[in-house]
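First comes the structure, then the notes that go with it.
The values are calculated or read from the model by the stated rules, or taken from the named source; none is laboratory data. It should be emphasised that the depicted structure is a prediction, and the values quoted were computed from it without experimental measurement. Every residue, glycine among them, receives a Cβ derived from its backbone with ideal geometry; neighbour counts consider all protein chains shown.
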Amino acid sequence: MGREATLYLTERGMRVCGTDAWSWDAPLAAQMARVRDTGDWSLFWEGHKAGADTVYCHMEKLANLDQLPATGFEVMCFPVKVERGSAGWCRAVARLTE
């Protein structure tokens, strides 16, 4: 997910999202290759940095997403505060509503 994709989703109401991938952004090697090719350092962590222009929270490295139904569930996220940190971990829990 890059900057434009993140902003596209937030403009349509997305405020919390998650992925089972290691990051919201492209793999580090791919990011660095784009930076080297263009000289544009704004491409580094561009999906993360979209949060400076909009309000959203993303979670990474989620597990068992394949066990969720397509609809009929709510997700609750219980964050762990990290002193002086801008990120931390959470316990994400899905509650089946159907």
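Yes/no per residue for (1) in contact with an Asp or Glu (Cβ under 8 Å, 6 or more places away or on another chain); (2) farther than 19 Å from T10 by Cβ:
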{"position": "Q31", "(1), (2)": "yes, yes"}
{"position": "G51", "(1), (2)": "no, no"}
{"position": "M59", "(1), (2)": "no, no"}
{"position": "Q67", "(1), (2)": "no, yes"}
{"position": "V82", "(1), (2)": "no, yes"}
{"position": "R91", "(1), (2)": "no, yes"}
{"position": "T97", "(1), (2)": "yes, yes"}
Go over the candidates V55, V82, V75 one by one and state the one that is of a type in the set (V, I, T), out of contact with any helix residue (DSSP H, G or I) (no Cβ under 9 Å at 6 or more places or on another chain) and within 15 Å of G18 (Cα to Cα). V75
So for the range 11-24 (the condition being free of Cβ contacts under 8 Å to residues at least 40 places away in the same chain, touching a His at 6+ places or on another chain (Cβ under 6 Å) and at negative phi), does at least one residue qualify? yes
Here is a check on your reading of the model: is W45 surrounded by 11 or more Cβ atoms within 10 Å (Cβ to Cβ), under 12 Å from the mean Cα position of the chain (by Cα) and free of Cβ contacts under 8 Å to residues at least 24 places away in the same chain? yes
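Here is a check on your reading of the model: is W24 surrounded by 15 or more Cβ atoms within 10 Å (Cβ to Cβ), among the hydrophobic types (A, V, I, L, M, F, W, C) and in contact with a strand residue (DSSP E or B) (Cβ under 6 Å, 6 or more places away or on another chain)?
Yes.
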Residue pairs meeting the criteria (Cβ under 7 Å; at least 6 apart or on separate chains; first free of Cβ contacts under 8 Å to residues at least 60 places away in the same chain and among the small types (G, A, S), in the range 73-98; second surrounded by fewer than 11 Cβ atoms within 10 Å (Cβ to Cβ) and part of a loop (DSSP other than H, G, I, E, B)): G88/V80; G88/K81; G88/V82
Identify all residues within the range 10-49 that are aliphatic (A, V, I, L, M) and either at pLDDT 95 or above or over 30 Å from A94 (Cα atoms) (or both); write none if there are none. A29, A30, M32, A33, V35, L43
Kindly list the number of the only condition in (1) farther than 21 Å from G2 by Cα; (2) loosely packed, with under 10 Cβ neighbours inside 10 Å that fails for G39. (1)
